[in-house]
Amino acid sequence: MGIQKPSLIGEFSFKPLAPYNLNLTVKAYNFSWFFQNENSIIYLNIEDANLLCLTHEDKKGIVYSKVYLVEDKNVNITPQTIKEKIRFILGLDEDLSNFYQTIRKDPLLHRVPKVLVGMRLRTTSLWNALLIGVCQQNASFLQGWKMVLNLHRLFGRKIKFFGKEIFLPPNPKTIVKYADRLGEARLGYRSETLKRIAEAFSRKDLFEKEIIKLDDEEAVDRLCLIRGVGEYTAKLALVFSQRRYSLLPLDRWLMRLASEAYKIKNPNMKKVEKFLLERWGEWCGLAVFFTTIVLDAEPISLALERLRKNELSPKFESEKPTPLTMYKLLY
């Protein structure tokens, strides 16, 4: 279960670039155990050390973080490294003013600057982003995130953090070690793909630091060398881990939505991709993220119905899991 008394290794305060909303940033695509009373819990993995960061935002918009080591391990991580990691994960320095201007009259996203102002994409590791991407292959939002949840519960490290049970994301070596049990997570054919990704990371053929040095096209091609990882999964992982917003993770769900929203005649994947790259430009990846948020990642038939009714604001309270409510409804 890990050490019972986490060791405080640093306290930090940040002044995010306004507007900023920590609550929305942390809630999206998250699990229940990453919340502790008024605090959000951010998982940090730095130099293979597992850290948890208790974070809250005060009424003046200052973000405060207490960082704890949650394992018996000697680490030598500088405060500056920790601060930079927190800043990047939470998007504290990200300027979205140009993005808001880009989508001001967008048929899909015009509500974002009003109902989701200050929300950022919360990044994760490249490994975890690939894990999420694989689970989303040919699956609905709910199916995919149930698989991710199963992987965390079955193979993630379980620890006690101030009396709360927390499951850390499973690491590649654990997935390789228990590959014959991946079926328990109900991944179907995705088990083999996840196993190959885990093997690649375990062999140290892939390092996030190495991928960062590559340009977008090279990074996508490098990830696609792993059998089972296609362009969509690779691009999605790079958006979620490295904020490569110029990439467009286009699937059939978005293709059909975009075709109707922008009245694209005789649509196909290449035609829609070209249109969206021109329309969203450097913000493609972030636009895709917010499209799933405003439409609650509904199945395509319901998403299209909402688009036609101009119901383009997320449901902050819902009876079924959505990207913004799964933290309290998905078990």
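The values are calculated or read from the model by the stated rules, or taken from the named source; none is laboratory data. This is a predicted model, so every value here is computed, not measured. Because the Cβ atoms are built from the backbone with ideal geometry, glycine has one as well, and the counts that use them run over all protein chains shown. Heads up: the accessible areas ignore ligands, DNA and RNA and are worked out on the full protein's heavy atoms, side chains in. Shrake-Rupley method; radii C 1.70, N 1.55, O 1.52, S 1.80 Å.
Being modelled with pLDDT of 95 or more and out of contact with any helix residue (DSSP H, G or I) (no Cβ under 7 Å at 6 or more places or on another chain) is a property that residue 210 lacks.
Scanning the range 253-273 turns up no residue that is within 21 Å of residue 116 (Cα to Cα) and open to solvent by 20 Å² or more (accessible area, probe 1.4 Å). Filtering the range 46-65 to residues that are open to solvent by 10 Å² or more (accessible area, probe 1.4 Å), over 19 Å from residue 119 (Cα atoms) and either at pLDDT 95 or above or in contact with a Phe, Trp or Tyr (Cβ under 9 Å, 6 or more places away or on another chain) (or both) leaves only 50. Considering only residues in the range 117-126 that are farther than 16 Å from residue 30 by Cα and surrounded by fewer than 22 Cβ atoms within 10 Å (Cβ to Cβ), the one that is farthest from the chain's Cα centre (by Cα) turns out to be 117.
Run down 225, 236, 277, 247 and say which single residue is over 19 Å from residue 107 (Cα atoms), out of contact with any strand residue (DSSP E or B) (no Cβ under 6 Å at 6 or more places or on another chain) and open to solvent by 60 Å² or more (accessible area, probe 1.4 Å).
Details: 236 fails: open to solvent by 60 Å² or more (accessible area, probe 1.4 Å); 277 fails: over 19 Å from residue 107 (Cα atoms); 247 fails: open to solvent by 60 Å² or more (accessible area, probe 1.4 Å).
Result: 225 is the single residue among 225, 236, 277, 247 that is over 19 Å from residue 107 (Cα atoms), out of contact with any strand residue (DSSP E or B) (no Cβ under 6 Å at 6 or more places or on another chain) and open to solvent by 60 Å² or more (accessible area, probe 1.4 Å).
Please go through the range 130-146 and give me each residue that is in a helix (DSSP H, G or I), open to solvent by 10 Å² or more (accessible area, probe 1.4 Å) and not β-branched (Val, Ile, Thr), ordered by number. Scanning the range 130-146 gives 141, 142, 143, 145, 146. Each residue in the range 282-309 was checked for being in a helix (DSSP H, G or I) and open to solvent by 30 Å² or more (accessible area, probe 1.4 Å), and 6 pass. Set side by side, the residues 225, 277, 248 differ, and just one is within 23 Å of residue 91 (Cβ to Cβ), part of a loop (DSSP other than H, G, I, E, B) and among the hydrophobic types (A, V, I, L, M, F, W, C), which is 248.
Within the range 66-106, if we keep just the residues that are farther than 23 Å from residue 208 by Cβ, outside any loop (DSSP other than H, G, I, E, B) and without any contact (Cβ under 8 Å) to a residue 24 or more places away in the chain, the residue that is least open to solvent (accessible area, probe 1.4 Å) turns out to be 100. The single residue among 199, 184, 217 that is out of contact with any helix residue (DSSP H, G or I) (no Cβ under 8 Å at 6 or more places or on another chain) and either part of a helix (DSSP H, G or I) or not polar (S, T, N, Q) (or both) turns out to be 217.
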